[in-house]
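This report concerns only the one structure given below.
The values are calculated or read from the model by the stated rules, or taken from the named source; none is laboratory data. Because the structure is a prediction, the values reported are computed rather than measured. Cβ coordinates were reconstructed from backbone atoms using ideal geometry, including for glycine residues, and neighbour counts include every protein chain displayed.
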Amino acid sequence: MVCYNEIMKNYVDYGVGDSDKEFAKKSVRFAKSGLKSLKLFSLVAISSFVAVASLTGCSNGDQSSSSSLSGQFAGSGASSQSSAVDVWRAGFQAKNASASITYDGKGSGGGRKDLIDGAVLFAGTDVALTDDEVKKAENGACKGGGVVEVPVYISPIAIVYNLDDVKDLKLTPVTVAKIFDGAITKWNDAEIKAENPDASLPDKAITPVHRSDQSGTTENFTDYLAKTTDGIWKHPASGSWPNNVGQSGQGTSGLINVVQQSSGTIGYADASKVGKLSTVAIKVGDKFVKYSAEGAAKLVEDSPYGSSEGRYVVELNRKVTDPKYYPLVLVSYQATCTVHKDSKSADFVRSWLTYITSDEAQKKAAEEAGSAPISESIRERIKKSIETIK
């Protein structure tokens, strides 16, 4: 689309006469109409129009639409983001045909390490970098600057299970904690039966399934258990699973595969990866709530946040009692350095973060990856962080 406002500004800035301004207006109308004949305009006027337009170029206000980006750019990290990153990568590369982007969904811990070591330009992580990790980055790949960290992906974490003939399971946070800590071992346990009086629960062993890798999803799940069970879950929030109960799977896909393959299993995963597995309704206040993107997004929108220069970190309120919220949620970030070794890298990460947090990209991810779009108010805060990248 011809960018009328910028062209007209150029005519004013460079002192072009009124007759040529009128020509610019006609040229814009001409371009929009799709007319094939140029007989209406003189070649002299057309040359003037093109020359002025080329002085600064045209933009739609979105850095990601630039076609000047070229090269190979690598990221790694949270597997929860993988589906969304695939969507974003396709959209971004459609606007920047010479840019090639790779993303290794090896897990949040692996992505943060790669960023600190300078192995990637950006890292996806389901938990914010710790102060120690920020210092390591500032002494490593981000030397001479700091760390930019912004929320890009919001998703509920679903508690998934595989149990024949039980398709509507309700559990309180305390019961979930006892299952994953090995205190409840049978599906027909009295506590589960009390929460599911109408379910036909079998006399069958429960097999909890957790992540075997360092995982931001695990850290969010254990954080939820730690904050909602009044001390029943005695382990601190951690990306590493804290006990030897049950089985494990590598990455989100590994955990889902283990649950799918065996009846009696229960696990936790980014909701976009649930597939055909059954999911638990968790108790919020006095009601049991199924996971939803809307409930997750509402919790993030209404939670406090801490923001230092370049870093925008949400402080999730897990203890909500209003059932409009879904408190078992993860906010996944992308992190990069404020200072980069060359302008090409800096231009890329600015454009990439601008695009993936745009309304367009967030809606695409919501439609195709099942995430919850970030709100406009969050987007405005993100812009300030992106502006620190040099």
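Just a few scattered comments:
- The set of residues in the stretch 320-338 being over 11 Å from Glu149 (Cα atoms) and either part of a strand (DSSP E or B) or modelled with pLDDT under 95 (or both) consists of Val329, Leu330, Val331.
- Subset of the stretch 336-378 (residues that are surrounded by 19 or more Cβ atoms within 10 Å (Cβ to Cβ), charged (D, E, K, R) and in contact with an Asp or Glu (Cβ under 9 Å, 6 or more places away or on another chain)): Arg350
- Residue in the stretch 214-225 that is under 24 Å from Asn196 (Cβ atoms) and surrounded by fewer than 20 Cβ atoms within 10 Å (Cβ to Cβ) present: no
- Test for Thr279: is it under 22 Å from Ala128 (Cβ atoms) and within 30 Å of the chain's Cα centre (by Cα): no
- Positions within the stretch 216-234 being part of a loop (DSSP other than H, G, I, E, B) and touching an Asp or Glu at 6+ places or on another chain (Cβ under 7 Å), in sequence order: Trp233
- Exactly one residue among Ala97, Ala74, Ala90 is in a helix (DSSP H, G or I), surrounded by fewer than 17 Cβ atoms within 10 Å (Cβ to Cβ) and of a type in the set (Gly, Ala, Ser), and that residue is Ala90.
- Residues in the stretch 62-101 that are more than 20 Å from Ser212 (Cα to Cα), hydroxyl-bearing (Ser, Thr, Tyr) and within 16 Å of the chain's Cα centre (by Cα): Ser83 alone.
- Hey, Asp132 assigned to a loop (DSSP other than H, G, I, E, B) and charged (D, E, K, R) or not: no
- If only residues of the stretch 180-202 that are touching a strand residue (DSSP E or B) at 6+ places or on another chain (Cβ under 6 Å) and in a helix (DSSP H, G or I) are counted, the one that is surrounded by the fewest Cβ atoms within 10 Å (Cβ to Cβ) is Glu195.
- Among residues of the stretch 255-287, those that are modelled with pLDDT of 95 or more, assigned to a helix (DSSP H, G or I) and surrounded by fewer than 23 Cβ atoms within 10 Å (Cβ to Cβ), counted: 5
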